[in-house]
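Notes follow once the structure below has been shown.
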Amino acid sequence: MSGHFRANLALVGFGNVARRFAVLLEDRRELLMREYDLDCRIVGVATRRHGGEFDPHGVDVAEFDGKRSNTGGRPSLAFDIIERLGRSDADFRVVVETTTLDITAGEPAIAHVRAGVAAGCHVITANKGPVAFAYATLRDEADAAGVSFLFEGAVMDGIPIFNLVRETLPGVTLRGFRGVVNSTTNHILTALERGEPFDAALERMQSEGIAEADASLDIDGWDGAAKAAALANVLLDARLSPHAVRRIGIHKSDGARARQALASGKRLKLVASAVRDRNGSVSATVEPIELPTSDILASLDGKANALVLQTDLLGELAICQLEGNLTHTAYALLSDLVTIRRRQAQPAAPARRIL
């Protein structure tokens with residue numbers, strides 16, 4: 001063991017985000033040790049199609065990238081690696097869950113989170129599924145086990161939405177939110193305004209790794225619905241799933257509507273929103289809306305995102321991301337890792353219930 005605080009990590013899922021995270025972790029290695037006394041070591045990798053690897057002394061991720069492991073893609077592999085991570089020698093252990101979104105029930109990501117918690121590991125994820133389908137249950141299980149369950153990268157890449165509320169808005173009650181939270185559809189709608197073909201704009205997002213592996217999740221509004229449910233569950237203490245969100249996506253035929261809205265001084269945006277009514281019930285919606293140009297959401301071009309929080313004491317607060325990419329999502333995982341380290345270093349303060 002080094003003189004620094006040692007964290008062993010297992011990557012469950014090794015797609016674009018996880019690979020970028022591994023690179024970022026190495027790039028920031030000296031900073032993490034200098035600023036946070038934190039020495040991170042990736043000891044496990046589990047993939048669905050390319051098998052996996054576990055080595056308590058560290059996995060050479062660059063060597064693993066692209067090679068086909070002889071372990072195969074058996075369903076139990078991720079759980080085996082999580083169990084071994086829990087028994088590994090470190091100051092703390094973290095499951096980094098980045099499998100793709102399953103819009104049916106959020107699995108197997110939810111099971112991965114549960115397995116990590118049961119093994120005594122902290123869990124960080126960029127997958128929206130666990131928060132959108134089972135947030136309250138997973139939060140309570142993590143609390144009972146004395147570990148963290150963090151998910152800053154699940155919504156708006158690396159923009160600190162959940163950290164903002166948890167750390168900087170004590171005593172504030174959120175009443176609702178609205179936002180443009182899907183980069184792919186915002187890029188497509190911006191392209192349609194310029195007369196570009198729908199398919200060409202979508203292909204750009206796929207080539208950059210921004211669009212979901214199943215692009216229908218973006219254009220049919222499922223990604224927005226999952227994010228709306230996640231935000232509502234965490235920020236408004238709702239109990240929603242993406243299937244409870246009223247959802248209308250975007251289609252090729254929206255090109256004419258987008259150009260007509262622009263000509264009339266408006267812009268067509270796919271807006272995710274939720275509100276708590278006087279009875280405490282929370283409802284959420286994702287749908288294309290024509291917004292006046294004076295609206296902050298109407299100003300968003302290309303891959304830009306923004307979320308407007310509606311609060312009781314501060315009115316409306318907006319946080320904006322002008323450009324989204326894989327590095328931003330990978331950074332969210334890194335920021336969650338630092339949050340865990342800070343919690344290890346300080347006595348636990350009374351936490352806001354949302355996180």
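Taken together, the values in this text are just the output of simple stated rules run on the coordinates, not laboratory data. For clarity, every value in this text was computed on a predicted model and none was experimentally measured. Please note: Cβ atoms are built from the backbone with ideal geometry, for glycine as well, and neighbour counts cover all protein chains shown.
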Check: Can you give the Rg to Rh ratio of region 210-341, both from alpha-carbon atoms, with Rh computed by the Kirkwood formula?
Finding: 0.98
Notebook entry, point to check: Do you know the Lys pair count in the chain for C-alpha distances under 21 Å, with sequence separation 8 or more or different chains?
Noted result: 9
Next item on the list: Would you work out if the chain is rounded, prolate or oblate? Take a ≥ b ≥ c from the square roots of the eigenvalues of the alpha-carbon gyration tensor; rounded if a/c is under 1.5, else prolate when a/b is larger than b/c, oblate otherwise.
Entry: prolate
Item checked: Listed residues V95, V17, V338, most fluctuating in the chain (Gaussian network, C-alpha, under 10 Å) -> V338
Check: Can you work out the FRET efficiency for the pair A145 and H4, with r the C-beta to C-beta distance and R0 = 25 Å, to the nearest 0.05?
Finding: 0.50
Next item on the list: Work out how much length A200 to R87 would gain on full extension: take 0.36 nm times their residue separation and subtract the Cα-Cα distance, in nm to one decimal.
Entry: 35.9 nm
Next item on the list: Can you tell me how much longer the chain between T293 and A215 gets when fully stretched, taken as 0.36 nm per residue apart minus their C-alpha distance, in nm with one decimal?
Entry: 25.2 nm
Checklist line | Computed lengthening from T137 to H251, 0.36 nm per intervening residue step minus Cα-Cα distance | finding: 37.5 nm
Next item on the list: Under a 10 Å cutoff between Cα atoms, tell me which one of E97, E35, E323 has the largest fluctuation in the Gaussian network model of the chain.
Entry: E35
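For region 74-138, which trypsin sites (Lys or Arg not before Pro) are both in a DSSP coil and crowded by at most 14 other Cβ atoms within 10 Å?
Those that pass, being in a loop and sparsely packed, are R87.
Go ahead and estimate [θ] at 222 nm for the chain from helices alone: -39,500 (n - 2.57) per DSSP H run with n ≥ 4, summed, over the residue count, rounded to 500.
-11500 deg cm²/dmol
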Notebook entry, point to check: Taking the highest mean first, how do the peptides 242-252, 300-310 order by number of other beta carbon atoms within 10 angstrom per residue?
Noted result: 300-310, 242-252
